[in-house]
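Quick notes on the structure that follows.
The values are calculated or read from the model by the stated rules, or taken from the named source; none is laboratory data. Everything numeric here is computed off the predicted structure, so don't read it as measured data. Here the Cβ is made from the backbone with ideal geometry for all residues, glycine too, and neighbour counts use every protein chain on show.
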Amino acid sequence: MKEQEIVTKSAEETRAAAGRFVSELLRDDVGRRARVIALWGDLGSGKTTFTQGIAAALGVKGVVNSPTFLIMKKYPLSGGCQGMSLYHLDCYRASSTEEIVDLGWEEIAGDADNFVVVEWPEKIMELLPPDRTDISFQNLSGDGRRIVFGKAS
Ligand code: ADP
Ligand code: MG
């Protein structure tokens, strides 16, 4: 059964949760378009940390950091996902939807060989495909973070 909601107590636990999420994701049938994963939540709620766990589980070699100043970063995958790519977008500083379109959004999101993780998806609402996966993050006290699979409210 898929997890609906968990509370993690450390960045490592959040990365581990992302790994389990990827296992579930890879069990689903591949669609005709990219798998888009929208990460909702405030600054510091763990979106980038979760993305690091996704990247590790997909076989990204090397470090995944916040791409804030780049907006988008592409990582080649290895292992079972050899030949596929992970795109990590942080739309926090995106000034408009067109900026993301100009980065090649349609082509990237239209390619079934891509995983596309989007932080601050609210900045590109009209680009998000309806069949995306929504995951919501919430800061709890201290190192606690609530992760809800599905869109919270
Ligand atoms: P966001 O991308 O949502 O702004 P980050 O993942 O960049 O958030 O930052 C989360 C910060 O909180 C990191 O410094 C991380 O080490 C720390 N942290 C502490 N506890 C947790 C937890 N349970 N899950 C995720 N990150 C945590
Ligand atoms: Mg981030």
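Which of (1) within 16 Å of ligand 1 (Cβ to nearest atom); (2) outside any helix (DSSP H, G or I); (3) modelled with pLDDT under 95 does I135 not meet, given it meets every other one?
Evaluating I135 over (1) within 16 Å of ligand 1 (Cβ to nearest atom); (2) outside any helix (DSSP H, G or I); (3) modelled with pLDDT under 95 leaves (3) as the failure.
Pull out all pairs, ordered by first then second residue, where Cβ-Cβ is under 8 Å, the residues are six or more apart or on different chains, the first lies in segment 23-52 and is of a type in the set (D, E, K, R), and the second is more than 10 Å from ligand 1 (Cβ to nearest atom) and in a helix (DSSP H, G or I).
Listed by first residue and then by second, the contacts come to R33/A109; R35/L25.
Suppose we filter segment 27-49 for residues that are buried (at least 16 other Cβ atoms within 10 Å of the Cβ) and in a helix (DSSP H, G or I); how many remain?
Adding up the residues that qualify gives 3.
Could you check segment 55-84 and list, in sequence order, the residues that are β-branched (V, I, T) and within 12 Å of ligand 1 (Cβ to nearest atom)?
V64, T68
So, in segment 109-153, of the ones that are small (G, A, S) and touching a Gly at 6+ places or on another chain (Cβ under 8 Å), which residue ends up surrounded by the most Cβ atoms within 10 Å (Cβ to Cβ)?
S136
Is it the case that G83 is in a loop (DSSP other than H, G, I, E, B), modelled with pLDDT of 95 or more and either under 25 Å from S23 (Cα atoms) or touching an Asp or Glu at 6+ places or on another chain (Cβ under 8 Å) (or both)?
yes
So for segment 89-109 (the condition being within 12 Å of ligand 2 (Cβ to nearest atom) and assigned to a strand (DSSP E or B)), does at least one residue qualify?
Yes, because at least one residue in segment 89-109 is within 12 Å of ligand 2 (Cβ to nearest atom) and assigned to a strand (DSSP E or B).
Looking at (1) touching a His at 6+ places or on another chain (Cβ under 6 Å); (2) away from ligand 2 (no atom under 16 Å from the Cβ); (3) among the β-branched types (V, I, T), which is the one condition that is false for V148?
Answer for V148: the failing condition is (1).
Please state which of the following conditions E24 fails to meet, knowing it meets all the rest: (1) more than 14 Å from ligand 1 (Cβ to nearest atom); (2) in a helix (DSSP H, G or I); (3) under 20 Å from L128 (Cα atoms); (4) not aromatic (F, W, Y).
Unmet for E24, out of (1) more than 14 Å from ligand 1 (Cβ to nearest atom); (2) in a helix (DSSP H, G or I); (3) under 20 Å from L128 (Cα atoms); (4) not aromatic (F, W, Y): (3).
Need the failing condition index for T14 against (1) within 12 Å of ligand 1 (Cβ to nearest atom); (2) part of a helix (DSSP H, G or I); (3) of a type in the set (V, I, T); (4) under 12 Å from the mean Cα position of the chain (by Cα), just the number.
Result: T14 fails condition (4) only.
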